[in-house]
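Working notes, beginning with the structure itself.
Where a number appears in this text, it was derived from the coordinates with a stated rule and is not lab data. Here the structure is a predicted model, which is why all the values come from computation and not from measurement. Methodologically, a virtual Cβ is constructed for each residue, glycine included, from the backbone with ideal geometry; neighbour enumeration extends over all protein chains shown.
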Amino acid sequence: MPEQWQKKEGYTVSLPNFEGPLDLLLYLIRKEEIDIVDIPIASITSQYLEYVELMKELDLEVAGEFILMAATLIQIKVRMLLPKTEPDGDEESEDPRAELIRQLLEYKRFKEVAETLNEKEDRQRRYFARCDFAWAKQYIPKEETASFDRGFMNDISLFDLLTAFKTVLDNAPRVTSHQLSAIGVTVQDQINYILGMLEKENRIPFHIMMTDLQDRLTIIVTFMAILELIRTKRLHVQQAGTFGDIWLIKQ
Amino acid sequence: MTKERIHDQTTRVIEALIFASDVPITAAQLHQYCEEAAPSKIRKAVNALNLEYTQQDRSFHIIEVAGGYQMVTREAYASWIRKLFHKRLRSRLTQAALETLSVIAFRQPVSRPEIAAIRGVNCDAVIKTLLERKLITLSGRGEGPGKPLLYKTTREFLRYFGINSIQDLPRPREIEELLKEDEDRPDDAIE
């Protein structure tokens, strides 16, 4: 396993979060200080495959595109090994790597722009304007008194809750770390976390409660904590209309 | 420092309009709502107001963003306001979202398949998030097979990144330039 993944904090293995196969390839090229127009296909292919294997081992979702790129790399490698035979056409046969290199460079251009956007976002997030308040406001119950009468808040089924849970899980950031031997948070931790949150607000939309949770595991544990709190009647769950927001309400 | 007070009524009206607007308000809009606010006068008024805020050590100022003016709190107070918003703040954009926005910004109007081809990954989920956050919007249909939907960036995109137009962003470097940088790199192998 490459050294940089063996994180200092004991059991956690951190994987660089590759956005796609091109991202991983650019990473390998930079790491190996390779000339992008003269990629040593054989060694890059084997390194690439190692990474994909590791991602699988760590149970990270390996998107289909990663597998497709693996196939492309192997195909290029084979074509590089074949003797250069002039096809019957009069065109010179192109370097088998040409298309991949073009793709990598094109991607790199926009990746650089993304870095600029990242810096600008960082700066801009330190200014607050009235539209930021307006955005935040939609997560505060509109009329504290009216909206929470039982009239249009429905009690919800476990299925509704599971649907909301699945949405959160589907939208969760791609896992960048993986706990190997220990789970970082316990159900009790998350019960305390939820009760702490409800201390301040009394009621919080389900998806807001779940934001800022770092990984799937924490989301799952937090969901288990919610179920436990409902079971022990310390928490009540209501939904604003059919398929509306689900609110967690302190009992 | 002499603290000159602003006596000009028009400047105060401009201030009130910028204060009350929840999105950046353009010079044209200011002029529309206040006849005396001639476009040539607006920038001067905003500068005078900002000077006043600085002199009075105010916690906010007016910035020029997305082609308009907007009153925002100063950077120094960010940590307290974050506490006020607590859990309600929008999360930062992911790397995937930033890359997708980069492509849309410089290729717009552009279709999903074109974006996916450049990034080498499917971008359906990212597009959905960007639409929800109003950073991009639909801009009709393309010519290709299946007439794919096309996307473009919005004014909210400009506001979110604190710029006035796409021209404020550095253009993606040309491929030749990327290659040149590659050649220029000192090569350890050469003795």
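Using the Cα gyration tensor of the range B:59-191, with a ≥ b ≥ c the square roots of its eigenvalues, what is the shape: rounded (a/c below 1.5), prolate (a/b larger than b/c) or oblate (neither)?
Values: a/c = 1.97, a/b = 1.24, b/c = 1.59.
It is oblate, given that a/c is not under 1.5 and a/b is not larger than b/c.
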Please compute the modelled spin-label separation between B:Ile166 and B:Leu51, points set 7 Å along Cα→Cβ, answer in nm with one decimal.
3.8 nm
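Provide the FRET efficiency to the nearest 0.05 for the A:Ser46-A:Ile101 pair, computing r from the beta carbons and using R0 = 22 Å.
On the way: r = 19 Å, r/R0 = 0.85.
That gives a FRET efficiency of 0.75.
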Computed over chain B: longest principal axis from alpha-carbon atoms vs helix B:95-107 long axis, angle to nearest 10 degrees, is 90 degrees
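If r is the Cβ-Cβ distance from B:Ile175 to B:Glu64 and R0 is 41 Å, what FRET efficiency results, to the nearest 0.05? Walk me through the numbers before you get to the answer.
Details: r = 34 Å, r/R0 = 0.82.
The value I calculate is 0.75.
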Helix B:39-55 axis, angle to chain B major axis (alpha carbon atoms, nearest 10°)
80 degrees
With the cut-off at 32 Å, tell me which of the pairs A:Lys31/A:Lys77; B:Lys44/B:Lys128; A:Lys108/B:Lys134; A:Lys77/B:Lys128; A:Lys108/B:Lys83; A:Lys120/B:Lys147 have Cα atoms farther apart than that.
B:Lys44/B:Lys128; A:Lys77/B:Lys128; A:Lys108/B:Lys83; A:Lys120/B:Lys147
Sorted from fewest to most neighbouring beta carbons within 10 Å, what does the list A:Leu195, B:Leu158, B:Leu17 look like?
A:Leu195, B:Leu17, B:Leu158
Non-local amide H neighbours of B:Ser139 (under 5 Å, H modeled in plane, Pro and chain starts lacking H): which ones?
B:Leu150, B:Tyr151, B:Lys152
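Using a/c under 1.5 as the rounded threshold, could you call the range B:1-91 rounded, prolate or oblate? The axes a ≥ b ≥ c are square roots of the C-alpha gyration tensor eigenvalues, and prolate needs a/b larger than b/c, oblate otherwise. All intermediate terms of the calculation are to be shown ahead of the outcome.
Details: a/c = 2.74, a/b = 1.40, b/c = 1.96.
Taking the square roots of the gyration eigenvalues as a ≥ b ≥ c, the range B:1-91 is oblate.
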Determine which residues of the range A:206-226 fall in the zone a paramagnetic label at B:Arg92 would reach in this model, i.e. backbone nitrogen under 13 Å from the point 7 Å along Cα→Cβ.
none
Within a 10 angstrom radius of each residue's Cβ in B:96-109, how many Cβ atoms of other chains show up on average? Whole number is fine.
5
Table column - 3J(HN,Hα) (Hz), the range B:23-33, Karplus curve with 6.51, -1.76, 1.60, x for Gly and Pro
10, x, 9, 7, 4, 4, 5, 4, 5, 5, 8
